[in-house]
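Worksheet for the structure shown next.
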Amino acid sequence: MKLLRQLKDFVTYDADREFYAKVFPESVTKVDLMRLRKMEREDLPQVLKIEANNYQYPWSENIFNDCFTAISYTCWICEDDENIIGYAILSVAAGESHIMNISVDPEAQGLGVGKKMMEHLIEIARKKAETMFLEVRPSNEGAIALYGKLGFNEVGLRKGYYPAANNEREDAVILALELVSLF
């Protein structure tokens with residue numbers, strides 16, 4: 001699989017971006033140089049590390065493996081050189097899309113990685129769905145701010161959705177983005 005990806009990278013090499021990054025480094029941001037690609041099973045060790053660093057109750061390897069086999073799911077990673085710095089899982093079915101999981105390595109947070117991945121997911125979903133949904137903890141203010149900037153609106157609340165400390169549960173804010181335009 002890695003050889004196939006290297007071949008694909010060679011064929012789709014962006015010489016202009018590489019040139020400008022070297023000759024006019026101020027014209028290309030670090031985020032511009034990050035690459036999104038489909039997640040592969042061999043990426044899971046790095047993905048699981050990011051998941052564990054970000055969540056007190058992380059997804060298991062089995063959950064990620066199930067995402068690879070679900071027909072309506074696509075799994076993505078964002079990488080900087082050869083390092084995975086973020087990942088996202090998207091489900092698209094029956095005219096709806098749902099962001100199942102999205103996470104950025106703590107060392108790369110605040111650089112625009114989350115926004116880059118979200119914009120990518122929105123473009124994918126726009127081709128097959130009318131609405132995109134996601135859940136987020138009310139305590140995740142940074143993510144809520146990003147989703148708001150991207151046009152998501154609060155449409156509901158799931159009581160006790162997330163596990164929390166001391167056998168408690170935390171609610172989930174349900175956000176939605178309309179993907180179809182009337183114009």
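Every number in this text was worked out from the coordinates using simple rules, so none of it is lab data. Quantities reported herein were computed from a predicted structural model and do not represent experimental measurements. Note: ideal-geometry Cβ built from the backbone for every residue, glycine included; neighbour counts use all protein chains shown.
Taking other C-beta atoms within 10 Å as the exposure proxy, M34, M132 rank M34, M132 from fewest upward.
Over all Cα atoms in region 95-164, the spread is summed up by Rg and Dmax: 12.6, 36 Å. For region 74-109, GluC sites (Glu not before Pro) meeting the loop criterion (DSSP other than H, G, I, E, B) and having at most 11 other Cβ atoms within 10 Å: E82. Would region 34-178 count as rounded, prolate or oblate if I go by the C-alpha gyration tensor, calling it rounded below 1.5 in a/c and otherwise prolate when a/b exceeds b/c, oblate otherwise? Rounded shape, in that the Cα axes give a/c under 1.5. The residues D105, D81, when put in order of fewest to most other Cβ atoms within 10 Å, stand as D81, D105.
In a DSSP loop and with at most 14 other Cβ atoms within 10 Å, the trypsin sites (Lys or Arg not before Pro) in region 73-133 are K127, K128.
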